[in-house]
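One structure below.
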Amino acid sequence: MASSARWNHVWVGSETGILKGVNLRRRQATNYVAASALRRDEGVCAMCWGDPSESEVRGPGRRREGLQPKGWGGGGRGCSRGRPLTTLLPQILVGCLDRSVKLFSTEKGKFTESRQCLGGEGSFCGLAVHDSSIITCVESGLLKVWRDASSENMETQVGAGVCRMRQNPAQPQSVGTGGKENALKVWDLHRPEEPIFRAKNVRNDWLNLRVPVWERDLQFLPGSEKIVTCTGHHQVRLYDPSSPQRRPVLEATYGEYPLTALSLTPGADSVVVGSSHGDMAVIDLRQGRLVKCLKGFAGSVRSVQCHPTLPLVASCGLDRFLRVHNIEDKHLVHKVYLKSRLNCLLLTSREKWDDEEPEPAAPQADVKEEKDELWDGMETVATKTVLKRRADPNVRETQLGKRPKKQKRTSAGP
């Protein structure tokens with residue numbers, strides 16, 4: 001029997017290592033890690049879908065190869081390798097601080113596999129899947145592709161201080177990296193010796209001083225080679241590798257605090273950015289201007305993701321709330337308190353959130369019989385009615401501990 005986890009709309013990872021599934025329609029959040037197994041060194045720092053098609057379940061008419069990443073121990077649980085499946089089991093890859101990557105099956109509602117991805121220093125700053133292989137990148141700059149045999153693993157150094165690694169959905173073999181004093185680079189995993197694009201820093205400021213580099217997040221624009229980034233110096237930049245210019249073709253600033261996360265809107269003509277001060281806004285990528293601000297935050301925004309077709313954006317951060325805003329009217333559609341500081345999230349791409357399996361309802365007759373038996377078995381208790389005595393209006397009541405006020409004498413007339 002399929003687990004109810006498949007109907008969750010948002011998946012959230014916390015600092016304490018909990019993977020939470022949130023069903024916004026039922027307003028229900030579920031922890032998929034036992035409380036006794038919580039360890040801060042297993043905090044979730046990166047998440048991605050096990051397949052580019054995310055968690056959609058395919059019908060029996062469409063066949064697809066098994067999508068369990070290569071090199072997972074056990075091999076007997078989860079999806080079997082190399083065997084064609086009539087249905088696509090939804091899976092989530094979860095990267096933890098202890099450098100382990102766990103495979104979670106939303107069909108079964110539990111973790112099915114785990115693998116240690118050691119090498120380099122620091123936590124994961126990006127996680128992806130390509131050709132049934134896992135792609136990881138850590139803060140020290142080690143980008144590695146984990147294949148079936150350890151001798152086939154590919155690794156390259158992308159520079160220290162990496163803050164984010166993202167995969168190009170249109171070209172899964174391409175990834176982008178960037179970080180502190182580590183400019184934007186685009187890598188082809190088939191030829192990892194040199195980046196296929198290396199961004200150039202902007203010109204010096206009006207004092208002729210070098211502008212520091214601090215790329216915090218990035219994303220590829222669909223249908224083009226353009227890349228949008230946000231920086232720790234509250235800048236939003238747009239790069240175009242197809243042009244001869246290596247500097248950004250557009251730059252905009254928002255607020256005064258570091259920008260920590262971004263996500264493209266469904267039309268890919270705007271980007272939603274979040275800051276470390278709890279601000280979130282929509283920036284137009286055609287004119288580089290502020291379109292609107294989204295309110296209601298009380299802490300740093302750690303992760304932002306827009307729905308691919310609906311005008312919805314989900315965000316989470318250090319204030320322990322998951323929020324879903326409507327981008328068009330700025331309305332806060334959902335707000336869920338999840339008790340833990342949140343690091344990252346995944347938003348499902350299905351459009352009809354109401355198409356879910358109804359919960360099995362208990363028979364009304366049985367419930368009625370149980371209630372009747374309960375009431376029939378209770379002892380009747382007689383109550384005595386106490387009548388209140390009306391106070392005599394001629395009797396003056398005195399307050400406890402206080403002397404009654406003296407009445408003023410009225411002088412009689414002559």
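The values are calculated or read from the model by the stated rules, or taken from the named source; none is laboratory data. Model, not experiment: these values are computed from the prediction. Because the Cβ atoms are built from the backbone with ideal geometry, glycine has one as well, and the counts that use them run over all protein chains shown. What goes into the accessible areas is simple: the full protein's heavy atoms, side chains included, and nothing from ligands, DNA or RNA. Shrake-Rupley method; radii C 1.70, N 1.55, O 1.52, S 1.80 Å.
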For a quick check of your reading: which strands (runs of 3 or more DSSP E) sit entirely within region 1-42 and have at least 3 residues that are touching a His at 6+ places or on another chain (Cβ under 9 Å)? 19-23
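Quick check: is even one residue across region 285-302 hydroxyl-bearing (Ser, Thr, Tyr) and either in a strand (DSSP E or B) or free of Cβ contacts under 8 Å to residues at least 40 places away in the same chain (or both)?
If we filter region 285-302 for residues that are hydroxyl-bearing (Ser, Thr, Tyr), which is where we start, we get 300.
Imposing the further condition that a residue be either in a strand (DSSP E or B) or free of Cβ contacts under 8 Å to residues at least 40 places away in the same chain (or both) reduces the set to none.
No, region 285-302 contains no residue that is hydroxyl-bearing (Ser, Thr, Tyr) and either in a strand (DSSP E or B) or free of Cβ contacts under 8 Å to residues at least 40 places away in the same chain (or both).
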Just need a number here: residues in region 295-318 that are more than 25 Å from ARG341 (Cβ to Cβ) and surrounded by 23 or more Cβ atoms within 10 Å (Cβ to Cβ). 0
Considering only region 199-217, I want to know if a residue exists there that is of a type in the set (A, V, I, L, M), touching an Asp or Glu at 6+ places or on another chain (Cβ under 9 Å), buried (at least 20 other Cβ atoms within 10 Å of the Cβ) and in a loop (DSSP other than H, G, I, E, B). yes
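State all residues of region 92-112 that are of a type outside the set (Val, Ile, Thr) and open to solvent by less than 10 Å² (accessible area, probe 1.4 Å); if no residue qualifies, say none.
If the condition is that a residue be of a type outside the set (Val, Ile, Thr) and open to solvent by less than 10 Å² (accessible area, probe 1.4 Å), then LEU93, GLY95, CYS96, SER100, LEU103, PHE104, SER105 are the ones that fit.
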In region 258-294, residue most open to solvent (accessible area, probe 1.4 Å) [restricted to those that are farther than 23 Å from CYS344 by Cβ and of a type in the set (Asp, Glu)]: ASP269
